[in-house]
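Student: Okay, handing you the structure first.
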Amino acid sequence: MVRIFGFFVGLGFVGAAAWSLLWGVIAYVGSPPAPAVAHEEPRSISYSFDGPLGRFDRQQLQRGFQVFKEVCSACHGLNQVAFHNLRDLGYTEAEVRAIADQWQIQVPSINPDTGEPATRKAIPADHFPSPYANETAARAANNNALPPDLSLMAKAREGGAAYIESLLTGFRGPPRGYQVPPNLHYNPWFANLNIAMPPPLTADGQVTYAPGNPPATRAQMAHDVAAFLMWAAEPNLQARHQYGLAALIFLILGTILAYLAYQEVWHGPADRRVRATGPLDPENMAKSDAASREAGIAL
C-alpha cells in the first residue's frame with residue numbers, strides 16, 4: 001500500500017514538473033527575453049599627462065574649460081575648484097577676474113541690509129557655483145536624476161579621463177530587442193547602460209575654438225574636456241610626477257653609494273686578516289703571566 005501511494009505521489013511531482021516546463025517553453029517562444037548586453041570598458045586613450053614624465057597641455061586644458069563652460073556647466077557643478085585656480089591653466093589675473101565676473105551663474109550670498117538670501121557676481125576667490133539651488137531643484141529639472149558634481153569625477157570613476165571621453169562619445173542606438181526605459185539614453189560605457197544625461201556633444205563645431213587650435217569636432221571636444229576634468233580632480237599631478245622623478249634619482253644614487261660602501265668596508269680582499277688585539281692577544285697574555293709570577297701570584 002505504501003509503495004502504491006509513493007508511486008502516485010512521485011507521478012504527481014513528475015506531472016507538475018512537466019506542466020511547468022511546457023508553460024515555460026510556450027512563454028519563451030511567445031516573448032523571448034531581451035538580449036544580454038554588458039557595459040564596455042573605457043577605451044585605451046593617450047593623454048599628454050600619462051606616464052611618470054607626463055605633463056598637462058595648457059592649451060588643451062583651456063579648450064576643455066571652454067567646453068565645460070559652454071556645455072557642461074548648464075547641469076554640472078565644479079564646487080572643488082576656485083576661479084583663481086584657472087591661473088594654473090595659463091589665464092592672467094585680469095582674465096580670471098573677467099571669467100568670474102561674467103560667469104552665467106551667480107554665487108549665493110546674503111543681503112546685508114535685509115539678511116535674506118541673495119546672489120552676487122563671482123570673484124576669483126569663489127568656487128564655481130552649482131547651477132541649481134539645491135538637490136530638489138536639480139532633480140526637478142532633470143526628471144528626478146541628480147547631475148553629479150564634476151570636480152572629482154576623473155578620479156571617482158575607473159578609467160579616469162578615458163572613461164569620461166568614452167562616455168561622452170558613446171551615445172548610440174540600443175541593440176535590437178533592447179528596451180531603453182523612458183527619459184533614459186543608451187550608452188554602453190555607463191555602468192547600467194541607461195543614463196539620464198542626454199548626449200551633451202551633439203555636433204561638430206558646437207564650441208568655437210580660437211584660431212590656432214584643432215577643429216572642434218565631437219571627438220576633440222570630448223578629449224579636451226576629459227583632460228580638463230583630470231586637471232580639476234588632480235591639479236598637482238604634474239608636480240607629483242616631478243617630485244617622484246627627483247625621489248627616484250635620489251634613491252638610485254643612494255643605492256649606488258651604499259653598494260660601494262659595502263664593497264669597501266664589509267666585502268674587502270679575501271686575504272685580509274683581522275689582527276688579534278686586547279687581553280687575549282698571546283703577547284699580552286705572556287706579559288700578564290710573567291708579571292703574575294714576579295708578584296708571586298700562582299697561576
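The values are calculated or read from the model by the stated rules, or taken from the named source; none is laboratory data. This one's a predicted model, so the numbers in the text were calculated from it and none came from an experiment. Here the Cβ positions follow ideal geometry from the backbone for every residue, glycine too, while neighbour counts run over all protein chains shown.
Student: Scan segment 52-77 for residues that are more than 14 Å from Ala226 (Cβ to Cβ) and in contact with a strand residue (DSSP E or B) (Cβ under 8 Å, 6 or more places away or on another chain) and jot them down.
Tutor: Ser73, Gly77
Student: Looking at (1) out of contact with any strand residue (DSSP E or B) (no Cβ under 9 Å at 6 or more places or on another chain); (2) modelled with pLDDT of 95 or more, which one does Asn143 not meet, given that it meets all the others?
Tutor: So the condition that Asn143 fails would be (2).
Student: On to the next question. Look at segment 78-93 and say how many of its residues are small (Gly, Ala, Ser) and touching a strand residue (DSSP E or B) at 6+ places or on another chain (Cβ under 9 Å).
Tutor: 1
Student: So if I check each of Ala140, Ala125, which one is of a type in the set (A, V, I, L, M), outside the structural domain of Leu184 (by TED's automatic domain parsing) and surrounded by fewer than 13 Cβ atoms within 10 Å (Cβ to Cβ)?
Tutor: Selected residue: Ala125, the only one of Ala140, Ala125 that is of a type in the set (A, V, I, L, M), outside the structural domain of Leu184 (by TED's automatic domain parsing) and surrounded by fewer than 13 Cβ atoms within 10 Å (Cβ to Cβ).
Student: Among the listed residues Glu135, Glu116, which satisfies the condition of being over 18 Å from Trp231 (Cα atoms), loosely packed, with under 15 Cβ neighbours inside 10 Å and more than 27 Å from the chain's Cα centre (by Cα)?
Tutor: Result of the check over Glu135, Glu116: Glu116.
Student: I've got another one for you. Hand me the list of helices (runs of 4 or more DSSP H) wholly inside segment 81-174 holding 3 or more residues that are more than 30 Å from Ile45 (Cα to Cα).
Tutor: Answer list for segment 81-174: 93-101, 135-140.
Matching residues to (1) of a type outside the set (D, E, K, R); (2) over 16 Å from the mean Cα position of the chain (by Cα):
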position	(1), (2)
Val180	yes, yes
Asn192	yes, yes
Ala196	yes, yes
Asp204	no, yes
Thr217	yes, yes
Ala222	yes, yes
Met230	yes, no
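Student: If a residue has to be hydrophobic (A, V, I, L, M, F, W, C), surrounded by 14 or more Cβ atoms within 10 Å (Cβ to Cβ) and over 19 Å from Val207 (Cβ atoms) to count, how many in segment 43-92 make the cut?
Tutor: Within segment 43-92, residues that are hydrophobic (A, V, I, L, M, F, W, C), surrounded by 14 or more Cβ atoms within 10 Å (Cβ to Cβ) and over 19 Å from Val207 (Cβ atoms) number 6.
Student: Kindly establish whether Ala210 is free of Cβ contacts under 8 Å to residues at least 60 places away in the same chain, surrounded by fewer than 19 Cβ atoms within 10 Å (Cβ to Cβ) and not in a loop (DSSP other than H, G, I, E, B).
Tutor: Spelling it out, it is not the case that Ala210 is free of Cβ contacts under 8 Å to residues at least 60 places away in the same chain, surrounded by fewer than 19 Cβ atoms within 10 Å (Cβ to Cβ) and not in a loop (DSSP other than H, G, I, E, B).
Residues checked against (1) touching a residue at least 60 places away in the same chain (Cβ under 8 Å); (2) assigned to a helix (DSSP H, G or I); (3) surrounded by 20 or more Cβ atoms within 10 Å (Cβ to Cβ):
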| position | (1), (2), (3) |
| --- | --- |
| Arg176 | yes, no, no |
| Pro181 | no, no, no |
| Pro198 | no, no, no |
| Gly205 | no, no, no |
| Met221 | yes, yes, yes |
| Ala227 | yes, yes, yes |
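Student: Taking Ala94 as the residue in question, decide whether it is modelled with pLDDT of 95 or more and over 28 Å from Met153 (Cβ atoms).
Tutor: It is true that Ala94 is modelled with pLDDT of 95 or more and over 28 Å from Met153 (Cβ atoms).
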